[in-house]
1. Within the stretch A:141-184, which residues are among the aliphatic types (A, V, I, L, M), in contact (Cβ under 8 Å) with a residue 40 or more places away in the chain and either in contact with a Leu (Cβ under 7 Å, 6 or more places away or on another chain) or surrounded by 14 or more Cβ atoms within 10 Å (Cβ to Cβ) (or both)?
2. Of the numbered conditions (1) in contact with a Leu (Cβ under 6 Å, 6 or more places away or on another chain); (2) under 30 Å from B:TYR663 (Cα atoms), B:ALA309 satisfies every one except a single condition; which is it?
3. What are the residues in the stretch B:34-49 that are more than 7 Å from every other protein chain (Cβ to nearest Cβ), surrounded by 12 or more Cβ atoms within 10 Å (Cβ to Cβ) and either on the phi > 0 side of the Ramachandran plot or not β-branched (Val, Ile, Thr) (or both), if any?
4. Scan the stretch A:106-125 and give yes if some residue there is part of a helix (DSSP H, G or I), among the hydroxyl-bearing types (Ser, Thr, Tyr) and out of contact with any strand residue (DSSP E or B) (no Cβ under 8 Å at 6 or more places or on another chain), otherwise no.
5. If A:CYS58 satisfies every condition in (1) surrounded by fewer than 12 Cβ atoms within 10 Å (Cβ to Cβ); (2) on the phi < 0 side of the Ramachandran plot; (3) away from every other protein chain (no Cβ under 14 Å) but one, which is the exception?
6. Tell me, which strands (runs of 3 or more DSSP E) wholly within the stretch B:591-689 include 3 or more residues that are of a type in the set (Phe, Trp, Tyr)?
7. Please state which of the following conditions A:LYS49 fails to meet, knowing it meets all the rest: (1) in a helix (DSSP H, G or I); (2) free of Cβ contacts under 8 Å to residues at least 60 places away in the same chain.
8. Residue by residue through the stretch A:64-93, note down the ones that are closer than 19 Å to A:LEU108 by Cα, assigned to a loop (DSSP other than H, G, I, E, B) and either within 7 Å of chain B (Cβ to nearest Cβ) or more than 19 Å from the chain's Cα centre (by Cα) (or both).
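What follows draws every value from the coordinates through simple rules; no lab data is involved. For clarity, every value in this text was computed on a predicted model and none was experimentally measured. Don't worry about glycine lacking a Cβ; one is built from the backbone with ideal geometry, like all the others, and counts go over all protein chains shown.
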Amino acid sequence: MIKRFFDWLKKPLGLIAVGITFLALFSLAAYGISLSQQPPAQPVQFPHKIHIAFGIQCLYCHPGAAKGPAAGIPAEAKCWGCHNQIVKTQTSILLKPLKDSVISGTPLQWVPVAQVPDFVQFNHRAHIAAGQNCENCHGDMSKMTVAENPQIFNMGFCLKCHTKVAGENHDLLVKLTDCGTCHY
Amino acid sequence: MSDKLSRRDFLKLAGVGAATTAILTGCGPASRLVKREPYLQMPEYTYNGLSTYYATTCRECAAGCGLIVRTSQGRALKTEGSANNPLNLGKTCARGQATLQGLYNPNRVRGPIKHTRGERLYDTAADPFNDEFADAKSNMDWAAATQTVADALKNNKPEEIAFLMGMAPDHLFDLVADLANATGIQAPVRFGALSMFESRATLSKASENLFGQSGLPLFDVGGAQVVFSFGANFLETWLSPVSYTRGFAGLREAQTKLRGKLVQFESRMSSTAGKADEWMPLRPGTEAMVALAIGKLACEIRGIPMPRAFSDVDPLDAASKSGIKLEMLNHLAEMFANSTGALAIPGGAALGQSNGLAVAEAVLALNAVVDNFGKPGGVFFSALAPNQTEYQRPASAKEMAEFVQKMIDGKIKVLFVHGVNPLFELPTSLQFGGATKYVPQIISFATFPDETALEADYIFPDHHGLESWGYQRVATGSVGSVLSGAQPVVSPFYDTRATADVLIAAAQLAGGKFAAALPFKDEVEFLFSKVTPLISEVDGFFSAPDINTFMAYFQQYGGWWKTTDGRSVPNSADALNRSLSGAEAEFAGEGEFFFVPFVSPTLAEAGANKPWLQELPDPTTTVMWNTWVEMNPVTAEELGLEDDDLVAITSEAGVLEVPVYRYPAIRPDTIAIPFGQGHTAYGRYAEKRGVNPTDLIGQNFNEAGDLAFAGMKVKIKKIGKKKPLSRLESIMGVYGVGLGEEK
């Protein structure tokens, strides 16, 4: 039976079927990749650009970036510290999830945007300490509502910057391109 | 391969399938399934993804070891010993590691409960992860609970109110003692099974008889060259095992000195005997005689005029009665007398006999032969804790029997129980269970639904140790004076409340002299008041100008301790000038076997509800999750018994059915059962598992009032059934098992 199937695949109709299957899988994969690069749906349409326009620094809400591996999502108490003094918080439909969350005591469920696989040990602190700015990787947040990925966080992206930063400094290049720097 | 599908086709199909799977799954945004919940209110000093470490004190036993607990996002994840604490210097035992499983135990009492005596609190068959089936639903609020305690204090005569407390924590004991002093209620009684099996009262009484001062002796194992331990199982459970284990490491250290030697005298090989150079399986009851004989021979070797202490003993007689040959006694005496640092330790089962006090005196007197008092590798009195003026020992078993009699006589109308589980820890023969019905009101502060809590009218659960404030005085084991401090490392998980807070609030409600006795806002304020006098002490590990700064350091380092040597030197001037008795112990009950109950180093009185500890193999037998009786293979063969055969063990106090473990490292005339299992309550992991050997122990005491737990004789009867024990070691090849040679 299996032989008959393979024989059929070699006939014109079979070849067309193989082509269609391949195209279907390819487009499905392409769609999947493009999907993974779109900003996911968030519980609140958080307008980064408005907050930045008010002059709030990144590290005010994400202080973990300067202190440890994860930048962190601000505690709702921090949001509420300003928002409970803003009249619009009580009326705006966009801010209702925040208000509900604070009143009911249930945390908002944010969906991570900028991610690296589990086998990468990424640490924000080293990058901030080396003088890198948030927008170098996360893009210009003053133009975004919810966070989006300006690029794919893959190894090529990391290494491109690591080699550029090292420049002619061979010792630094070795350090920054060593496997063990990120994979340990 | 089948006829229809060739190997080659199979591989092709598998390849196509794998490629399709890879394409379809590899591109999916699977990580998007993750949701991130930020804190509603971020705790101070917390950063996402970074652990926060807190110093606190272990409350699994009363030793008072310091812990460093790693917490992340408000959850305690790992406990390790605190390197700062001078008692344990960064180490813990298995029970300290497993304290987390008490914190997360599914069978905790979750809120205040009005309870019908004997009623079960939870369904053991329930799913531990489903709160719908969780145990111990609270049926009252804390306001009502506090009012209940206040009424109990107010509506009874003070002398009819009693507190029965565990060995830890000390701050609560101090609070209740203050309350008792000011109001005339009965002074709190402290008890713990560990102290019962350690025979602390005997050690203290023997010190008083020999040195004219009661106290808990401290044995500097680390500085000694030759250690003779008579029954003291100091590597497993005795007094302060973590500290003594470090001492043992010092004894064995051979870089800067000669490797020290350990000789263990006991009828059953414990881990300590297993680590010893020589194990002397002497006949139970002859320890005093052997110690005196060694003393006599050692005096002869050293050319000391024979003191009165050793003059009555006949080494030949001691050799024949104990089963240790005279040549061996001579060899041991030489070893002891010629060493530059000899040390003799009395403890454990050797003291838990009718002549326990004589054993303790005889062994302590051995130290006088080499006069090691106050010298490195010698005997000291333990340093008193910073806020302590004299050694307070827990109640002996005899004092507990008197307490039970008070209950039966109706002299106790309200009984508060905290930190101890007398229904499990006291031998059944002491009748605590029967005496509860004479007490009109019992209020338990148990964190877990233990046997005693199930006999209470109310359960007002205290926090778990990792959620609690407090301090613990280090009774022994450290060079300096140590007060280990405890602080909450996580917020309380359930609707529990610190017992100190409940008592303070209830005293305020009760008003009058009760309110005046505890004029505090809460537990922390009380703690501050107890710690404040330490600010003016000069030789502390840290000092601070004011109480707030002091408490900040106290929390940071997990306590306060002195940097000076706080041990005192026993006055040994008259130690050898009195006649010591070498008479053999008397054994209660009829039977051909000596019965030695010993404390399981992992389970003991409160470890059985932690699966890690249940799963941890016993160090000598590797048995897990159960109770066994250790029996010499020779005896087993005579009785026609093999491993896992159930036997009925009968003493004058009761009968137990236990499976046999053939253990070559026990005397043929002795059997041993570990203490730790046999719970009838205490959560799903603990109950209906094994038996409790205290059921076999009768009401026999030694002269110091400690329980003569190892002073029983028992009968053994084969039942003809088997109960397989789970054990880590393979039994294949042992006693011919699996080789077709089984009998």
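1. Within the stretch A:141-184, the subset among the aliphatic types (A, V, I, L, M) is A:141, A:144, A:146-147, A:152, A:155, A:159, A:165-166, A:172-174, A:176.
This time we only want the ones that are in contact (Cβ under 8 Å) with a residue 40 or more places away in the chain, so: A:141, A:144, A:146-147, A:152.
Answer for the stretch A:141-184, where residues must be among the aliphatic types (A, V, I, L, M), in contact (Cβ under 8 Å) with a residue 40 or more places away in the chain and either in contact with a Leu (Cβ under 7 Å, 6 or more places away or on another chain) or surrounded by 14 or more Cβ atoms within 10 Å (Cβ to Cβ) (or both): A:MET141, A:MET144, A:VAL146, A:ALA147.
2. If we test B:ALA309 against (1) in contact with a Leu (Cβ under 6 Å, 6 or more places away or on another chain); (2) under 30 Å from B:TYR663 (Cα atoms), just (2) comes out false.
3. B:PRO43
4. In the first step, residues of the stretch A:106-125 are kept if they are part of a helix (DSSP H, G or I); the result is A:124-125.
Now narrow it down to the ones that are among the hydroxyl-bearing types (Ser, Thr, Tyr): none.
No, the stretch A:106-125 contains no residue that is part of a helix (DSSP H, G or I), among the hydroxyl-bearing types (Ser, Thr, Tyr) and out of contact with any strand residue (DSSP E or B) (no Cβ under 8 Å at 6 or more places or on another chain).
5. So A:CYS58 meets the others, but not (1).
6. Where strands (runs of 3 or more DSSP E) fall fully within the stretch B:591-689 and carry at least 3 residues being of a type in the set (Phe, Trp, Tyr), they are B:593-599.
7. (2)
8. A:ALA70, A:GLY72, A:ILE73, A:PRO74, A:ALA75, A:ASN84, A:SER92, A:ILE93
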